[in-house]
Amino acid sequence: MRKVIAKIDLTHIRHNAEAFIRLTGKPICAVVKANAYGHGAEEVVYALSNVVDCFAVSLLDEAKAIRVSACGKDILILSPPCFERDVIESAKDGFILTVGDVSTAKMLVETAKKYRFSLRVHLKINTGMNRYGMDNYTLGKVCKLLATTPFVFVEGIYSHMYEYARDSAEKQRERFQRACNIAKRYFPNCVCHLGATYGALLGEEFYFDMLRIGIGLYGYLPDGAKDLDKARIDRLALRKAMSVWAEVSAVRKCQNGGLGYGKERAVRGEKVAVVRFGYADGFLRAKENGVYGYERNANNLCMDACLQRRTGRKGAWLPVMLDAGATAKITKTISYEVLCSATRRAKMVYEDATFCGDRQSKRGGAKKRTTKTNESAPCEQ
C-alpha cells in the first residue's frame, strides 16, 4: 500500500499571484500558513519568492520552516506572541510580530530593552472578527507606548474582514480607515493592509497599501462570498493548483458479509475495488464524503482504505480530489478545510516550480523542474 499522491502545479500558484498583482496594482503578501493551505509551504514559497513582496504565517514554527525558502523576503507572523522566548526567537530571525493588545506591546518593549535588540511589528485592529486586535482607544495607548521606545519599530497596521457581505465589509473598511489615521500620526510610513482574496475582488477602496492573498493563490474564491464583481473574477482566471490521487490496491469479488464498515451488505460475486485512501488521509469517513467519484463508494471509509463499486486494474491511480470547492459543497464545509486536510498523509509531487535566484544558480539557472516519483503517473482509469 502506498500513500496518496498530491499533485501540486506551482506554475498555477504563480499565475494566480501574478493575476492578483495585475488586477490590483498592489504589492502582495502571500499567506502560506497551515503548510500553504495543504500545498506545501516551502515549495510554494520558493515558487513565489520572486513574485510577491512578503509572506504571512500563523505560527513561529511556520515562519522558521520557510525562512530559507523566502530568500530574504519578510515574514509576518499573524498570531501575537505569548511568551518572551517567542519574541527572542522571532527577533533572531527578523520576523515581523503582531501586536494586538497592550499587554503584548508591553512585553515586546520590556523584552527588547532587556536583551538590547530590535523588533519589527505590525499592529492588529479588531474591525469585527473579535479574534485578535485592538479598538481605537487601545490603539492610541499602544501607539504612544511604542513611539517612545527605540527598540520596537512599527512597520504596518492591518485587520481582517470576518464576513463576506459588502455592507459589512464597508463598515469594517471605515473602522480600519479610522485606525489607520490614528496609527499614521505616530508612524507615518506604516503599511496599511485590510483586504485578503475577498477584499481584492471588492474594489480599489479595499486595497490600501498591500493585499494579503490566501485562498486565491491556490485557485479558489472564498466560500460564500457575495457581491463580487464578475468582471474582476474573469480577469483573474484562477487556476486550481492541487489534485489528489489514490492507488487501487486490490480488485476482488465479494463473499458473504459487509463492504468494509457500515450497514451496506455485500452481494456474493459482486466486484469491488479497494482504493488506498481513508479517513486517516484527510477525507471524511461518511459514504457520501464528496471525494471525486464518491457515488461509487460502497460504504463508509476505513481508516486506510475505501471500497468502491467499480472494476479496475490493481496499481492504477484514481482521482479522489480535483475540486476542493465541489467536495466542500457536498460535505457542508469550506474549500479551505478540504485543502488543508487532503494532503495530511500524502506524497507531494510538484510540477514546474520556479525558484529564487540562489536556488536557480545552483541548478544551472533552470527556471522549472518537475519532481517525479517512482510510481507510474496517476491517471484516471
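The values are calculated or read from the model by the stated rules, or taken from the named source; none is laboratory data. Note that the structure is predicted; figures quoted are calculated from it, not measured. Positions of Cβ are backbone-derived with ideal geometry, glycine not excepted, and every protein chain shown enters the neighbour counts. SASA here: full protein model, heavy atoms, side chains in, ligands and nucleic acids out. Shrake-Rupley method; radii C 1.70, N 1.55, O 1.52, S 1.80 Å.
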Would you check if there is a residue in segment 185-197 being part of a helix (DSSP H, G or I), within 25 Å of ILE21 (Cα to Cα), in contact with a Pro (Cβ under 9 Å, 6 or more places away or on another chain) and not β-branched (Val, Ile, Thr)?
-> no
Give me a count of the residues in segment 71-96 that are out of contact with any helix residue (DSSP H, G or I) (no Cβ under 8 Å at 6 or more places or on another chain), open to solvent by less than 50 Å² (accessible area, probe 1.4 Å) and free of Cβ contacts under 8 Å to residues at least 40 places away in the same chain.
-> 1
Taking interchain pairs and intrachain pairs at least six residues apart, which have beta carbon atoms under 6 angstrom, with the first residue in segment 1-27 and within 30 Å of VAL248 (Cα to Cα) and the second assigned to a loop (DSSP other than H, G, I, E, B) and aromatic (Phe, Trp, Tyr)?
-> VAL4/PHE277
When you scan segment 187-211, how many residues do you find that are open to solvent by 10 Å² or more (accessible area, probe 1.4 Å) and in contact with a strand residue (DSSP E or B) (Cβ under 7 Å, 6 or more places away or on another chain)?
-> 6
Only one of VAL68, VAL99, VAL52 is open to solvent by less than 30 Å² (accessible area, probe 1.4 Å) and either within 28 Å of GLY282 (Cβ to Cβ) or acidic (Asp, Glu) (or both); which?
-> VAL52
Identify, by number, the condition in (1) surrounded by fewer than 19 Cβ atoms within 10 Å (Cβ to Cβ); (2) assigned to a helix (DSSP H, G or I) that MET303 doesn't meet.
-> (2)
Can you tell me which residue within segment 215-245, out of those that are open to solvent by less than 20 Å² (accessible area, probe 1.4 Å) and farther than 16 Å from GLY38 by Cβ, is nearest to the chain's Cα centre (by Cα)?
-> PRO222
Would you mind telling me which numbered condition in (1) of a type outside the set (A, V, I, L, M); (2) modelled with pLDDT under 95; (3) open to solvent by less than 60 Å² (accessible area, probe 1.4 Å) THR148 fails?
-> (3)
